[in-house]
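In what follows, a single structure is set out as structure tokens and then discussed.
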Amino acid sequence: MKISIIGLGFVGLSLAVTNAMNGVKTIGVDNNKTKINNLKKCKTDFFEPNLDKNLREVVKSKLISFTNNVKEAINESDITFLTVGTPTKKTGGIELEFIKIDSHEILNALKSKKKHHLLVVKSTLPPLTTKTIILPIFENLIKSNKMDVVVNPEFLREGFAIKDLLEPHLIVIGSYNKKSGDLLEKYYKKFYKNIPEIIRTDLATAELIKYSNNAFLATKISFINSIANLCQTISGADVNTIAYAIGKDPRIGSLFLKAGPGFGGSCLPKDLTGLIDYSKTVPNSSKLFEAVKMINDLQPKRIIDLMRKMNAYASGNSISILGLAFKKDTDDIREAISIKIVKNLLKAGMKVTVNDPMAMGNFEKIFQNKIIYSKSTSSCLKKSDCCIILTEWDVYKKLNQNAFKKYMKTPKVIDARRILSPQKFSKIDFKAIGLGND
Ligand code: UDX
């Protein structure tokens, strides 16, 4: 069996590499020629732990190949995974153009193919998109049993892509007939070592499982951030202790209860917005998802509030930002809260110096020479009036109050990720998200 994967972004490339690692002959397809040329030389355009190393190995063992040619890839493979992007449109709603363009290209390629082909939609889509937009494109081929389309959402996390793909916690297969779902199930059973529960559904339920999964994670974060904001008004209260306590209740669970500056990344904000947009099309829809988004949109302002409390929010002040990536162990700054905070500080006339172990290159593409990029934590802190920790990188967890005292003009520190122990920072002006102030 040979597979092809169309759309070599974060999900597509990680999926291509892990399929090849499982011994499946894999063809990676993308319309970006530079990307394909680079991938042939084992060069990736984003960081993901172990991806480069594994890519080199599967290229060497000839289990993976790359091409711009959809027709060639379709003709040479039995199953195609569609992993093209479905970003949020500037005007609102989800951009389905790439899905449509690629579906038409696949249709053209399939016209000359004799053998049956399975198209597996992995891109995250609003409910009913596969039924109303993708299936009509392939209607004639489906009717004549030359192909089938199934929905198979992906739940991988950045920073854990390889592990999450090799050992998924569940597999969801949405199909309109038993035969096509069985085909994909057979593929998973043949090539994956540890098969989790496989949930079989119709197309729309599979699409909605993905949206619901990310919306629920987002809800947990906005919930704990709301509690954190309450804690900040109650002397001595600490959101971390509350999260730990309620997390002990097995009905709640301890994960995704870490208060912080708000969630970012390429998925949670996008999928939540997609669900909100979709909900608006149905009568009497819940306002829950809008509330979750609103809480997240307002969360960076809580950091500004803390700055104000410390008298650090003033034009002309120098502010150090430690951490730019939307979470640790990635260079990804998509929807990162750091972007919102830095824009706010610059607008208010402050001088901003930033540090991040990986994401500074990406940040520079947005802010260019408007801010200062420091290669080390100490140079970032130098002569600064206030420091905000925005990403939970391990290197920042080792900081002690002497480091802040030594380098900063006035050692005022805001821990927006709760990575430092407040008791160890009693000799400097220290505030943290979700920590009651006196
Ligand atoms: C997410 C989903 O977890 C994954 O299942 C889906 O396939 C893609 O989207 P990812 O974007 O990699 O994965 O990031 P995730 O680890 O979920 O974190 C998202 C954001 O929430 C980050 O900004 C993170 O810092 C924040 N977060 C997470 C919190 O603020 N508190 C938490 O307790 C957990």
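Every residue, every condition in (1) within 13 Å of the ligand (Cβ to nearest atom); (2) crowded, with 24+ Cβ neighbours inside 10 Å; (3) not hydroxyl-bearing (Ser, Thr, Tyr), yes or no:
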residue: THR281; (1), (2), (3): no, no, no
residue: GLU290; (1), (2), (3): no, no, yes
residue: MET310; (1), (2), (3): no, no, yes
residue: ILE339; (1), (2), (3): yes, no, yes
residue: ASN355; (1), (2), (3): no, yes, yes
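Quick test for you: out of SER266, SER286, pick the one residue that is among the small types (Gly, Ala, Ser), out of contact with any strand residue (DSSP E or B) (no Cβ under 7 Å at 6 or more places or on another chain) and more than 10 Å from the ligand (Cβ to nearest atom).
Values: SER266 fails: more than 10 Å from the ligand (Cβ to nearest atom).
Checking each option against the conditions leaves just SER286.
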note = Listed by first then second residue, the pairs whose first member lies in segment 219-236 and is more than 13 Å from GLY260 (Cα to Cα) and open to solvent by 40 Å² or more (accessible area, probe 1.4 Å), whose partner is of a type in the set (Ser, Thr, Tyr) and at pLDDT below 95, with beta carbons under 8 Å and at least 6 positions apart or on separate chains, are none
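Report yes if LEU390 is within 16 Å of the ligand (Cβ to nearest atom) and modelled with pLDDT of 95 or more, otherwise no. Step through it out loud before you land on a result.
Details: within 16 Å of the ligand (Cβ to nearest atom): yes; modelled with pLDDT of 95 or more: yes.
In short, yes.
Does at least one position in segment 358-374 carry a residue that is under 26 Å from LYS258 (Cα atoms), among the hydroxyl-bearing types (Ser, Thr, Tyr) and either at pLDDT 95 or above or open to solvent by less than 40 Å² (accessible area, probe 1.4 Å) (or both)?
Of the residues in segment 358-374, the ones under 26 Å from LYS258 (Cα atoms) are 358-360, 362-363.
Now drop any that are not among the hydroxyl-bearing types (Ser, Thr, Tyr), which leaves none.
No, segment 358-374 contains no residue that is under 26 Å from LYS258 (Cα atoms), among the hydroxyl-bearing types (Ser, Thr, Tyr) and either at pLDDT 95 or above or open to solvent by less than 40 Å² (accessible area, probe 1.4 Å) (or both).
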task = Just give me the residues in segment 318-330 being open to solvent by 30 Å² or more (accessible area, probe 1.4 Å) and more than 9 Å from the ligand (Cβ to nearest atom), in sequence order.
result = ASP329
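Mind counting the residues in segment 89-112 that are outside any helix (DSSP H, G or I) and surrounded by fewer than 17 Cβ atoms within 10 Å (Cβ to Cβ)? It would help to see each step written out before you state the result.
Our first condition is that a residue be outside any helix (DSSP H, G or I); within segment 89-112, this holds for 89-96, 112.
From the residues that got through so far, the ones that are surrounded by fewer than 17 Cβ atoms within 10 Å (Cβ to Cβ) too are 89-93, 95, 112.
Selection size over segment 89-112: 7.
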note = Just one listed residue, out of ILE36, ILE74, ILE27, is touching a helix residue (DSSP H, G or I) at 6+ places or on another chain (Cβ under 6 Å), without any contact (Cβ under 8 Å) to a residue 60 or more places away in the chain and aliphatic (A, V, I, L, M), and it is ILE27
inquiry  = Going through LEU381, LEU399, LEU435, LEU420 one at a time, which residue ends up being touching a Pro at 6+ places or on another chain (Cβ under 8 Å) and buried (at least 18 other Cβ atoms within 10 Å of the Cβ)?
reply    = LEU435
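One residue is enough: does segment 272-286 have a residue meeting the conditions of a type outside the set (S, T, N, Q) and under 14 Å from LEU217 (Cα atoms)? Walk me through how you get there before you give the answer.
Residues of segment 272-286 that are of a type outside the set (S, T, N, Q), as a first pass: 272, 274-278, 280, 282-283.
Next, only the ones that are under 14 Å from LEU217 (Cα atoms) stay: 272, 275.
Checking segment 272-286: at least one residue is of a type outside the set (S, T, N, Q) and under 14 Å from LEU217 (Cα atoms).
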message = Looking at segment 261-292 only, could you name the residues that are farther than 13 Å from THR88 by Cα and without any contact (Cβ under 8 Å) to a residue 24 or more places away in the chain?
response = SER279, LYS280, THR281, VAL282, PRO283, ASN284, SER285, SER286, LYS287, GLU290
inquiry  = Regarding segment 150-169, can at least one residue be identified that is more than 16 Å from the ligand (Cβ to nearest atom), open to solvent by less than 60 Å² (accessible area, probe 1.4 Å) and touching a residue at least 12 places away in the same chain (Cβ under 8 Å)?
reply    = yes
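Looking only at segment 8-39, which residues are of a type outside the set (Lys, Arg) and open to solvent by 10 Å² or more (accessible area, probe 1.4 Å)? Show your work before the answer.
Keep residues of segment 8-39 that are of a type outside the set (Lys, Arg), which gives 8-24, 26-32, 34, 36-39.
Residues satisfying the conditions are GLY9, PHE10, VAL11, MET21, ASN22, GLY23, ASP30, ASN31, ASN32, THR34, ASN37, ASN38.
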message = Conditions first: (1) crowded, with 18+ Cβ neighbours inside 10 Å; (2) within 14 Å of the ligand (Cβ to nearest atom). THR129 passes all but one, so which condition is the exception?
response = (2)
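The values are calculated or read from the model by the stated rules, or taken from the named source; none is laboratory data. What you are looking at is a predicted structure, and each value in this text was computed from that prediction instead of being measured. Positions of Cβ are generated from backbone atoms using ideal geometry, with glycine treated the same way; all protein chains shown enter the neighbour counts. SASA here: full protein model, heavy atoms, side chains in, ligands and nucleic acids out. Shrake-Rupley method; radii C 1.70, N 1.55, O 1.52, S 1.80 Å.
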